[in-house]
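S.K.: Take a look at the following structure, please.
Bear in mind these aren't lab numbers, they're just calculated from the coordinates by the rules spelled out. These numbers come from a predicted model, not from an experiment. Quick reminder, even Gly has a Cβ in these numbers, built from the backbone with ideal geometry, and neighbours come from all protein chains shown.
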Amino acid sequence: MSGRDLHPRLLRCAWGLAPLLGLLVATPSIAHAAIEQPTTDDPEQPEPEPEPEPTTPGPSAEEVQALQRRIDTLEKQVEVLRESQAEVAEELGKPPPVIIQPEPEDDEPPEKISAPTDPEFNRSPDYADGFHFGSYGRVVIGGDHRGRAFRNGDLVAYGSRLDESTYAELEFRREDYWEATDTYTRVVATLAVAAPLFHQTGTFDTTLGVRNLYIEESGLGLKNLRLWAGSRMYRGDDIYLLNFWPLDNLNTMGAGAIYNFAPNTELKLHAGANQPNSPLFYQAVSRPLPYAQPGAAQVAVLDRQKVISSAKFSHIFWLGDSGAGIKPVVYGEVHYTNEGQRETEPRQLETLPRDSGWLVGTQLGMFTGKRSTHLNLVFRASGGLATYGEFNAPVQRAPDGTSKGAREYLVAASGNYEKGPFGLQLGSYWRSFRDASPNLDFGDLAEGVVIVRPTVWLGQIAGISLEGSYQAQRRGVLVDDGQGGEKPLFAQMGRVGLIPFITPGGRGNFTRPYITLTYLMSVRDKGARSLYPEHDVFGLRTVDHFIAVGAEWWFGSTSYFRD
């Protein structure tokens, strides 16, 4: 017999044997469950309470006998196929195939190395072996009522997110359990893409940024210790409606340690460095090449970094077994930069003194455990170099050339309440900022915002939100008060938005993904319009209308895990 004749027989045997073996593995278990009845061997045990009648009757005796006859028939068919396989293998000159018998149900499954599930081991979220993908994203398509492309129209630094531009993060990570050391690792790489996209301009030119690029090791040396190093978004709780992290929001190149003293008590320590894009931190000048070589080179006369360290301590006090609790947080930062020199005139250097700053803050969080209902209160104060944040540098300096005298105070509140088909989100903050110069100027300000978004769900897949906000700002400059005198510039605006949406995730203010249709009306007073340059439409119009279609999603991203 030729090999060409044997191959079809082999295929027929293989395809015929596979489903029969699968059915044989399943049917003895079904028959065993149908026939076996519980028994009581101990005569001294009390009679068990009669169990309620099952809602679905079990198989009859005739059905059990028919099932047993079916099993016997299948066993005979399998035996015939085995004999056919043996004949084919003998003709090919190969040993007969080995049929792997299913293991008895009572046998232990084969040992498999996997990550342990010790509840005392702090993993938030749990590490899992393998590659993972996560993402946050929003896409906005729209414009104003006259066809102009949209742009953010908020008066304050952090206002309504309804007219935020398109932005997305793509996160890839690898998580592993290492049996040799009983530890876990997580390697995270997050790429961010910002507007404008190709479909808006027709140009293959995209704004990209690396938001995360770090490794985190958990349980190395100490069971509840996590160590990390790299580039990382390092932050806590946000005010969603304002797209704002009021207490801690660092983007750092550094390293840190996270330790859990108890399941609900956590300490975070971190230090990192960056270099703001400012002539106070970097300056390159042209210098001739040595030994009369032709040409010149750019030399970094000034090249200093800002070092930022932070500490955060939090604890959760649980209130009964309902999932409700109180979470107090204490937070602090220290900013420092060394002295340096920069060129003010050719071959004339100015000495920049070392500078430093501090930031302290606290947060009180309360949550019920029902859906996403919570309330967060935040207070934060900063002085010196820390007043400007991690990427900014002082514009107005103190007479000694430092940021001494700069200060900021911030109070913020946010919350969410949901019950049945109704939901309510709110957010607000007030901050006062003074730069390091002793005199008031345009950079000195006090501002605040209050924003509320009630929502009604229409069934499980759709809903309507109504958002209203009030924004106000006072600047450190004087304007005519209309009565022959002067007063500080005061600007204010109101915004009202209507947002119908659909989502596959069911009810929930934080359920994503969803697709939205947005109408947003903004009203600016004279003071607000005066803040824009000549011929800017925001300075010309009292009322603006914004209409857009949008989408937003988030899933599986370490950037949006809650502490």
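S.K.: Using 0.36 nm per residue of separation minus the Cα-Cα distance, give me the extension gain between residue 411 and residue 479 in nm, one decimal.
M.R.: Numbers: separation 68, 0.36 × 68 = 24.48 nm, distance 2.76 nm.
Between residue 411 and residue 479, full extension yields an extra 21.7 nm.
S.K.: If you don't mind, another one. Given Cα pairs under 8 Å that are at least 6 residues apart, what percent is the relative contact order of the range 136-560?
M.R.: 11 percent
S.K.: Taking a label point 7 Å from the Cα of residue 324 along the Cα→Cβ vector, which residues of the range 352-395 have an amide N closer than 16 Å to it?
M.R.: Inside the label zone: 365-376.
S.K.: With a/c under 1.5 counting as rounded, go ahead and sort the range 188-293 into rounded, prolate or oblate using the C-alpha gyration tensor (a ≥ b ≥ c being the square roots of the eigenvalues; past the cut-off, prolate if a/b is larger than b/c, else oblate).
M.R.: Verdict is oblate for the range 188-293.
S.K.: Report relative contact order for the range 452-556 in percent, whole number only (criteria: Cα-Cα under 8 Å, sequence separation at least 6). Working shown, then result.
M.R.: Values: 217 pairs, mean separation 23.6, N = 105.
So the answer I get is 22 percent.
S.K.: Here is a follow-up. Across the range 207-222, in residue order, what do the Karplus-derived ³J(HN,Hα) couplings come to in whole Hz, using 6.51 cos²θ - 1.76 cosθ + 1.60 with θ = phi - 60° and x for Gly and Pro?
M.R.: 8, 10, x, 9, 8, 9, 7, 8, 10, 10, 10, 10, x, 8, x, 10
S.K.: Where does each of 379, 133 land when they are ranked from fewest to most other beta-carbon atoms within 10 angstrom?
M.R.: Listed from fewest to most nearby Cβ atoms, that is 133, 379.
S.K.: OK, next. May I ask you to list the lysines whose Cα is less than 18 Å away from that of residue 370, ignoring any residue fewer than eight positions away on the same chain?
M.R.: Once the sequence-local lysines are set aside, what remains near residue 370 is 327, 419.
S.K.: Can you check what the Kirkwood hydrodynamic radius comes to for the range 136-560, Cα pairs only, in Å to one decimal?
M.R.: 24.5 Å
S.K.: Something else: I'd like the trypsin sites (Lys or Arg not before Pro) in the range 310-397 restricted to DSSP loop residues with at most 14 other Cβ atoms within 10 Å, sorted by number.
M.R.: 347, 354, 370
S.K.: A further question follows. Which lysines, if any, have their Cα less than 27 Å from the Cα of residue 306, not counting same-chain residues under 8 positions apart?
M.R.: 268, 404
S.K.: Using the Karplus equation 6.51 cos²θ - 1.76 cosθ + 1.60 (θ = phi - 60°), what ³J(HN,Hα) coupling, rounded to whole Hz, does each residue of the range 172-187 give in order, writing x for Gly and Pro?
M.R.: Result, rounded to whole Hz: 10, 9, 10, 10, 9, 10, 10, 5, 4, 10, 6, 10, 10, 9, 9, 10.
S.K.: May I ask which residue of 191, 323, 542 lies farthest towards the positive end of the charge dipole of the range 136-560, with charges of +1 (Lys, Arg) and -1 (Asp, Glu) on Cβ and the Cα centre as origin?
M.R.: 323
S.K.: Sticking with this one: Leaving out same-chain residues fewer than 8 places away, which lysines sit with a Cα under 16 Å from that of residue 487?
M.R.: The reachable lysines, counting only those whose Cα sits under 16 Å from residue 487, are 526.
S.K.: Oh, and also: Return the sequence-ordered ³J(HN,Hα) values of the range 297-306 in whole Hz as given by the Karplus equation 6.51 cos²θ - 1.76 cosθ + 1.60 applied to θ = phi - 60°, using x for Gly and Pro.
M.R.: In residue order, the calculated couplings are 9, 7, 10, 7, 5, 10, 7, 10, 10, 9 Hz.
S.K.: Within 10 Å of each candidate Cβ there may be at most 15 other Cβ atoms; applying that plus a DSSP loop requirement, which chymotrypsin sites (Phe, Trp or Tyr not before Pro) in the range 263-300 survive?
M.R.: Answer by residue number: 291.
S.K.: Something else now. Pairs of Cα atoms under 8 Å, at least six residues apart: use those to get the relative contact order of the range 175-310, whole percent.
M.R.: Taking the mean separation of contacting Cα pairs over the length of the range 175-310, I get 14 percent.
S.K.: Are there trypsin sites (Lys or Arg not before Pro) in the range 133-192 that DSSP marks as loop and that have at most 11 other Cβ atoms within 10 Å, and which are they?
M.R.: 146, 148
S.K.: Here is a further query. Give me P(r) over the range 235-279, computed from all C-alpha to C-alpha distances, binned every 10 Å, as integer percentages.
M.R.: Spelled out per bin, shortest first, that is 21, 36, 35, 7, 1.
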